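This report concerns only the one structure given below.
The values are calculated or read from the model by the stated rules, or taken from the named source; none is laboratory data. Given the structure is predicted, the values throughout are model-derived calculations rather than measurements. So basically every Cβ, Gly included, is an ideal-geometry build from the backbone, and we count neighbours across all protein chains shown.
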Amino acid sequence: MDIRFDGRGEEDPDLLRILRAAAAALEDEDARLRAAFINAPPELQSFYGRTPLERGGPHATNRGLAYPLFESTLVYTIFRAWIPLVPVIWDYDRAGTRGPIDLTVRHDAESKKTKWAFEAKWWGNSAGTRAMVTDTRKLQDPCVTADRRFLIGLWWCRADKYGAWDDKVILAGKNFGWSRVFAATFPTAIGGDAEHLFVVDVLEVPPR
């Protein structure tokens, strides 16, 4: 795993600890999924090796987390990693009528006050950006009383295109008032010769 940004020494070390744990857990899950494809019996290898067009289905050549998994699957992976680290709640605390928040972290085991709130989204295109903006409004709802609120942007790209996509993240942050607090990448298995990266970008949402 490559830590691309971690607050430049100015961020809360407890926050960085759980964000590193989240990225590491996703990297481990990526490896498990890849191993499941690799270890499939020989009679299924040709099925999983086909391209999306040949199958007429999902991205068969994406053998890691770039496979179109539901966001809830990835949030569960993060939740499981945080259980031994912080008092964390998954999909329970609500943002008023906007629904439950993906992950909330309490101040301590006895506290009812929320320290951090997180919403995770697949990113990487205009639809993903619109979803991130919707979650920004959700986290800014007056019913959300967290000390700090964050978006977890999940996306993937060719390794040689990372810089260009990263520039778009920075521009989106300027446009919507997000401040990056953490970014990490790890290689993910996608068909073809080019190296690909899975990206975990954590952006702080300002109060309304």
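Among the candidates Ala131, Ala95, Ala127, Ala146, single out the residue that is surrounded by fewer than 18 Cβ atoms within 10 Å (Cβ to Cβ) and of a type in the set (A, V, I, L, M).
Answer to the selection: Ala127.
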The number of residues in segment 104-148 that are closer than 23 Å to Leu65 by Cβ, assigned to a loop (DSSP other than H, G, I, E, B) and in contact (Cβ under 8 Å) with a residue 12 or more places away in the chain is 2
Top-ranked residue in segment 173-188 [being buried (at least 20 other Cβ atoms within 10 Å of the Cβ) and small (Gly, Ala, Ser); ranked as farthest from Glu10 (Cα to Cα)]
Ala184
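State whether one or more residues within segment 181-188 are more than 19 Å from the chain's Cα centre (by Cα) and at pLDDT 90 or above.
Just the residues of segment 181-188 that are more than 19 Å from the chain's Cα centre (by Cα), to begin with: none.
Within segment 181-188, not a single residue is more than 19 Å from the chain's Cα centre (by Cα) and at pLDDT 90 or above.
Can you pull out the residues in segment 1-39 that are part of a loop (DSSP other than H, G, I, E, B) and in contact with a helix residue (DSSP H, G or I) (Cβ under 6 Å, 6 or more places away or on another chain)?
Taking segment 1-39 first, the residues part of a loop (DSSP other than H, G, I, E, B) are 1, 6, 10-12, 39.
Matches in segment 1-39: Met1, Asp6.
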Taking segment 149-205, which residues are assigned to a loop (DSSP other than H, G, I, E, B) and either of a type in the set (Phe, Trp, Tyr) or in contact (Cβ under 8 Å) with a residue 60 or more places away in the chain (or both)?
Trp178, Ala189, Gly191, Gly192
